[in-house]
Structures are given as C-alpha cells and as structure tokens.
Ligand code: UGY
Ligand code: MN
C-alpha cells in the first residue's frame, strides 16, 4: 500500500473518481508502519480493529485501539506502527494552508472520550466530532449514531464533500434521487452538492463515521496551492 510498509490497502474513494480526498482501509499487522511523507499531505486514521502506536523519534507516546484516532499534519516526522493485526480507516488529502496560521498539531484521542451531542436537538441522532472545530483544521471527521427509526432531519445539500463508512447497523441512504440500503461495512462518497439523507432501520443503533472538508473559502480552487487564501 502506497504510504505504508507491510500493509494491505483497500481503496474506497480517490481523486480518480472526482473526489478531493482519498479514503481507504489499511489492513495492518505487527510489522506495519507508515512511510514519512514530506509535502503537503495530511492524514487521519481511525482504528477499527487491533492496536497500533504513534512512531517516530519525536512522536508523543500514544497507544491506539478501536475507537482511537490520530490526525497527522503535513510535514510531521510522526507516523503509525501496527502492534497487532487490525484495520484502520484512513482519510488523506493535501492540507489547505491559511496565511498566518500554522497547521494543526498532531491530534489524537478516542471517540469514547468525546461527547455525543443531540443533532439539532434530536436525542435519537447523536453527533460526535473527533477533531476541534478551529480554523487551522481544514477537515472534520465525525461519528453519527442513530436509534432505529431516527433520521437526518432534512435532505442536506452543501458544498462540502463526505467519505463515509458504516460502522454498525444499517438503514437507507438517499443520494440525489436514488435510495440505497446500507449496512455496516459499506462505504459512500458524496461529492459537493449531492443531496443526502439517512434513516436508520432495524433493531440496533446505526452508526457511521464520515469525513467533511471545512473552514476554507469554497470560491477558491479546492485545496490547490493557488487556493490557499492570501
Ligand atoms: O455534517 C454533515 O454534513 C452531516 N450532517 N451529513 C451527513 O450525515 N450526511
Ligand atoms: Mn452532510
């Protein structure tokens, strides 16, 4: 897998499809490590199964297990090393800098320690944001958890893209005028302005993790060096 040693990758979303980010699953083992990547790329990993740790001379001591996540900013000397067999969900893209603002620091934690907040007041649709919503971050990765029968309150349309992985349960995803049954393990890409809605079905909570681009001016070319605000 490009960007890794000793790791099998399963590519789910990529710029070849028209997306402005890459989303993949990394099947790791005890010998897996990320390659250091000079350049503008930023990476976010969410641990689905197994365990790993941050690697690199100056990396913080952090043990990552299911539910943990780590954000690696561009040019970081830090990476990830597998400790057991497992699976990571990865989002990667070029960082879109803002003038006079440093990129975010290495950021890690666990979804289990983050608050689950009722979405627009609905106690049956809980939203957990993993990263701080401050301007230096140009991406968000969130987890939505819906009780059976709960749904997004309306059909959303927005300039931001999503890459989504269903974690538990299932339901119906509306994309444009089409309706898709979706269950744990399925992945979706929603391009800019894709009308979207989800309703949870079945007997167990439905949850999904998703990427979203945030905090940048949409009239500028997406994420290109020229697009960096001056
Ligand atoms: O953050 C979002 O845009 C989210 N409400 N979208 C989604 O779940 N499809
Ligand atoms: Mn959305």
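Residue 162 meets all of the listed conditions (1) buried (at least 21 other Cβ atoms within 10 Å of the Cβ); (2) away from ligand 1 (no atom under 11 Å from the Cβ); (3) within 30 Å of residue 100 (Cβ to Cβ) but one, namely (2). Listed by first and then second residue, the pairs with beta-carbon distance under 9 Å, at least 6 apart or on different chains, first residue in region 182-197 and modelled with pLDDT under 95, second within 11 Å of ligand 2 (Cβ to nearest atom), form an empty list.
Considered as a group, the residues in region 184-202 that are over 18 Å from the mean Cα position of the chain (by Cα) and more than 13 Å from ligand 1 (Cβ to nearest atom) include one that is nearest to residue 218 (Cα to Cα), and that residue is 201. Within region 166-183, the set of residues being surrounded by fewer than 21 Cβ atoms within 10 Å (Cβ to Cβ), within 20 Å of the chain's Cα centre (by Cα) and more than 12 Å from ligand 1 (Cβ to nearest atom) comprises 167, 168, 170, 183.
Taken residue by residue, region 125-141 has at least one member that is within 12 Å of ligand 1 (Cβ to nearest atom), modelled with pLDDT under 95 and either in contact with a helix residue (DSSP H, G or I) (Cβ under 6 Å, 6 or more places away or on another chain) or more than 27 Å from residue 178 (Cα to Cα) (or both).
Can residue 204 be described as without any contact (Cβ under 8 Å) to a residue 60 or more places away in the chain and under 21 Å from residue 43 (Cα atoms)?
no
The values are calculated or read from the model by the stated rules, or taken from the named source; none is laboratory data. Nothing here was measured: the structure is a model prediction, and the numbers come from that model. Positions of Cβ are generated from backbone atoms using ideal geometry, with glycine treated the same way; all protein chains shown enter the neighbour counts.
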